[in-house]
1. Sort E111, E236 so the one with the fewest other Cβ atoms within 10 Å of its own Cβ comes first.
2. May I ask you to derive the relative contact order of the chain, considering only C-alpha pairs under 8 Å and at least 6 residues apart, and to give it as an integer percent?
3. Per residue of region 316-323, what does 6.51 cos²θ - 1.76 cosθ + 1.60 with θ = phi - 60° give for ³J(HN,Hα)? Whole Hz please, x for Gly and Pro, Karplus curve as stated.
4. Report the Cα centroid-to-centroid distance between region 56-97 and region 221-267 in angstrom, as an integer.
5. Using each residue's phi in region 305-311, evaluate 6.51 cos²θ - 1.76 cosθ + 1.60 at θ = phi - 60° and report the 3J(HN,Hα) Karplus result to the nearest Hz, with x for Gly and Pro.
6. Cβ under 10 Å from E93's Cβ, E93 left aside: what net charge do those residues give with Lys, Arg +1 and Asp, Glu -1?
7. Using the Cβ atoms and a cut-off under 11 Å, what net charge is assigned to the surroundings of R104, where Lys and Arg are +1 and Asp and Glu are -1?
8. Return H339, H83 ranked ascending by Cβ neighbour count within 10 Å, so the fewest neighbours appear first.
Amino acid sequence: MVMRHRPSGTDDGQEGLFSVDDLAARSGDAPAARRRAFRDSPEARRMLDVTEIHAEPAAAASHRGRQIIARFPEARVLETDSHWRIPRLHGNEGNAERWVRVKRQTLVLGERSSLTTRPNGRSADWIAPGLSNGCAMACAYCYVPRRKGYANPITVFTNVERVVHHLARHVAAQGAKPEPNQCDPQAWVYDIGENGDCSVDDLICDNTADLIDAFRRWPTAKASFATKFVNPDLLELDPRGRTRIRFSLMPHADSRTLDIRTSPVERRIAAAADFLDAGYEVHFNLSPVVVRPGWEQDWADLLRQLDDVLPRRVKDQARAEIIMLTHNERLHEVNLDWHPRAEELLWRPGLQQPKRSQNGDLNVRYRNTVKSASLATLRGLIDARAPWLDVRYAF
């Protein structure tokens, strides 16, 4: 039996430049009824055709949880004690052969118990506690499945109010940004989608919209998330320059093999002006850079396309991040069961070396000499083909 749950208390923290209650309050000018034409479109239903929902009792009983369950009335709802420990999903090797089907048909609802905002300094100043984990897309290089084991559907966290209040306290404690840095010259930047894709999450519920609403009202902070999916519904959210969307790009040949179930690269590029005009800051992730025969020419062609297609107003504010491929032996083994062709590009032992990541995972990255030479080549291509595109950082 599903029990109703009262959200636990918020974190203590120092108040700074603004009132926490004011920062955390729901915006008075937020639209009462959001237009959601795309959420109910055939394309969205192809991405998510949910037939099974695993839900923690508190998540199912929450306001957001009830909204999600009502959105998928045909789905079977199964109670689970923990969104991290579902035997039929996690650790079940047979799910590797159902990799995409699980992503399309399965959804997990939980409550986020750990509310930690940790420093980053690369893509953002801070990594916020995200409202999802996992993705309905199936990029062959994604790092999230390494931790979940043979299945990586979206887990939605339903205690959105608690997360927003935590972020409000954190923003208040920081006060004004004392000096510019490579993340942003004025605002503290918070990555709100580290382990998922906020554009796809918006097909399920208003978690992404609630975060964009919140950051719109925080004058010293800015939300940021990377995406490979063009969701036109996000154009209705009026972020007023307080959300940075980073469209991830790679050459078309790589994307056709590695970016499974994503929006075509051409569509991501074409959407940049629409999102800028809707009030977003628009940046690009050149990610991941995969070293293979012919990669230099394909990246040159992509950069030329950016230069040809993007209007001046997008170029004038655009910045880029370069992220070289990181891979992992466990993910390599999973991919061999469902998409072995991808591993012909991703698994290159002769070019790669072990590397311990910040979270303790043992991964493989390109050897130092390969990485430095490749970054120098790509920077040279940017200088030649898209000199307007400033690189914020390369990793």
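Each reported figure results from applying straightforward, stated rules to the coordinates on display, with no laboratory input. Just so it is clear, the model here is predicted, and its values are computed rather than measured. Heads up, the Cβs are rebuilt from the backbone with ideal geometry, glycines too, and the neighbour counts pull from every protein chain shown.
1. Listing E111, E236 from fewest to most nearby Cβ atoms yields E236, E111.
2. RCO, the chain: 15 percent.
3. Karplus values, whole Hz, x for Gly and Pro: 5, 10, 6, 9, 9, 10, 10, 10.
4. If you average the Cα positions of each part, the centres end up 26 Å apart.
5. 5, 4, 5, 6, 8, 6, x
6. Spelling it out: positives minus negatives among the neighbours equals -3.
7. Summing Lys and Arg as +1 and Asp and Glu as -1 gives +4.
8. Taking fewest neighbouring Cβ atoms as first place, the list is H339, H83.
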